[in-house]
1. Suppose the chain between N53 and V38 were pulled fully straight at 0.36 nm per residue; how much longer would it get relative to their current alpha carbon spacing?
2. How large is log10 of I(q)/I(0) for segment 16-67 at q = 0.14, 0.21, 0.29 Å⁻¹ when the intensity is taken from the Debye formula with one equal scatterer per alpha-carbon?
Amino acid sequence: MNAQYRKNGFIPPVYFNRSSRIFNNDSGYYYKTREGEVRGSFPTEAEARYDLNHFVELIQLEQELQSMDFQVAV
């Protein structure tokens, strides 16, 4: 991991709040990916959050495999 520095010191990492990606309407709970895709509907916020976490883990795994020159079939 590369640390970045400013003239006056370390730049802290940025953390994204995943909960802001989850929203609901009359038909259920949804979340929006960074790519702009809306996924859902889920009957509860907990299920939407679970699926979002699973989605993020899958994307991270795909990126890791791609960095190791593996082909990822979608």
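1. That works out to 4.0 nm of additional length.
2. Relative scattering, expressed as log10 I(q)/I(0), comes to -0.36, -0.72, -1.13.
Bear in mind these aren't lab numbers, they're just calculated from the coordinates by the rules spelled out. Nothing here was measured: the structure is a model prediction, and the numbers come from that model.
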